[in-house]
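*Asks:* Can you keep this structure in mind? I'll have questions shortly.
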Amino acid sequence: QVQLVESGGGLVQAGGSLRLSCAASGDIFSIITMGWYRQAPGKQRDLVAKITSGGSTNYADAVKGRFTISRDNAKNTVYLQMISLKPEDTAVYYCNADVIRRTGVSRGNYWGQGTQVTVSS
């Protein structure tokens, strides 16, 4: 199996910054894409940003210019640097990974447990 463990969430004032981390471990041969999604109360889970193993990135319009996604392939870790945070960024942030497993060279999609980000006005 594959585990994703997130860290770095918390409470911050509007205009502040946070950095989220997500480390993947377990039955991993390679990770194709890693990404961050968020879900606010009563809303669906939406993509925030994602990054391929080659470094290609994709961002939601709402976070472009404020959030930066990066990854360390050697550590199977993805980061989300968030600056100029707004109250509307408040949500549970989930890490996601599209993994090729060593066992059977099979592919699977995995989620972390989520980390709360709260931005006060």
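*Asks:* How many residues does the range 4-30 contain that are at negative phi, open to solvent by 30 Å² or more (accessible area, probe 1.4 Å) and not in a strand (DSSP E or B)?
*Replies:* 4
*Asks:* Now, a different point. Among the numbered conditions (1) open to solvent by less than 20 Å² (accessible area, probe 1.4 Å); (2) in contact with a Leu (Cβ under 8 Å, 6 or more places away or on another chain), tell me where residue 51 comes up short.
*Replies:* Of the numbered conditions (1) open to solvent by less than 20 Å² (accessible area, probe 1.4 Å); (2) in contact with a Leu (Cβ under 8 Å, 6 or more places away or on another chain), the odd one out for residue 51 is (2).
*Asks:* Report, by residue number, each residue of the range 90-111 that is open to solvent by 40 Å² or more (accessible area, probe 1.4 Å) and either part of a helix (DSSP H, G or I) or charged (D, E, K, R) (or both).
*Replies:* Those that are open to solvent by 40 Å² or more (accessible area, probe 1.4 Å) and either part of a helix (DSSP H, G or I) or charged (D, E, K, R) (or both): 101, 102, 103, 104, 105, 107.
*Asks:* When the residues of the range 71-89 are filtered to those that are surrounded by fewer than 19 Cβ atoms within 10 Å (Cβ to Cβ) and farther than 12 Å from residue 23 by Cα, which remaining residue is nearest to the chain's Cα centre (by Cα)?
*Replies:* Top of the filtered list is 81.
*Asks:* Same structure, new question: List the residue pairs whose Cβ atoms are under 9 Å apart, where the first residue sits in the range 92-113 and is over 17 Å from residue 53 (Cα atoms), the second is of a type in the set (Ser, Thr, Tyr) and open to solvent by 50 Å² or more (accessible area, probe 1.4 Å), and the two are 6 or more positions apart or on different chains.
*Replies:* 93/37; 94/37; 111/37
*Asks:* Quick check on this structure: which one of 40, 60, 23, 91 is modelled with pLDDT of 95 or more and in contact with a Leu (Cβ under 6 Å, 6 or more places away or on another chain)? Steps first, answer last, please.
*Replies:* Details: 40 fails: in contact with a Leu (Cβ under 6 Å, 6 or more places away or on another chain); 23 fails: in contact with a Leu (Cβ under 6 Å, 6 or more places away or on another chain); 91 fails: in contact with a Leu (Cβ under 6 Å, 6 or more places away or on another chain).
When all the criteria are applied, what remains is 60.
Conditions tested, residue by residue: (1) more than 20 Å from residue 11 (Cβ to Cβ); (2) open to solvent by 10 Å² or more (accessible area, probe 1.4 Å); (3) in a strand (DSSP E or B).
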position: 32; (1), (2), (3): yes, yes, yes
position: 35; (1), (2), (3): yes, no, yes
position: 113; (1), (2), (3): no, yes, no
position: 118; (1), (2), (3): no, yes, yes
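The values are calculated or read from the model by the stated rules, or taken from the named source; none is laboratory data. Here the structure is a predicted model, which means the values were calculated and not measured. As a convention, Cβ positions derive from the backbone with ideal geometry for all residues, glycine included, and neighbour counts pool all protein chains shown. In case anyone asks, the SASA skips ligands and DNA or RNA and just uses the protein heavy atoms, side chains included. Shrake-Rupley method; radii C 1.70, N 1.55, O 1.52, S 1.80 Å.
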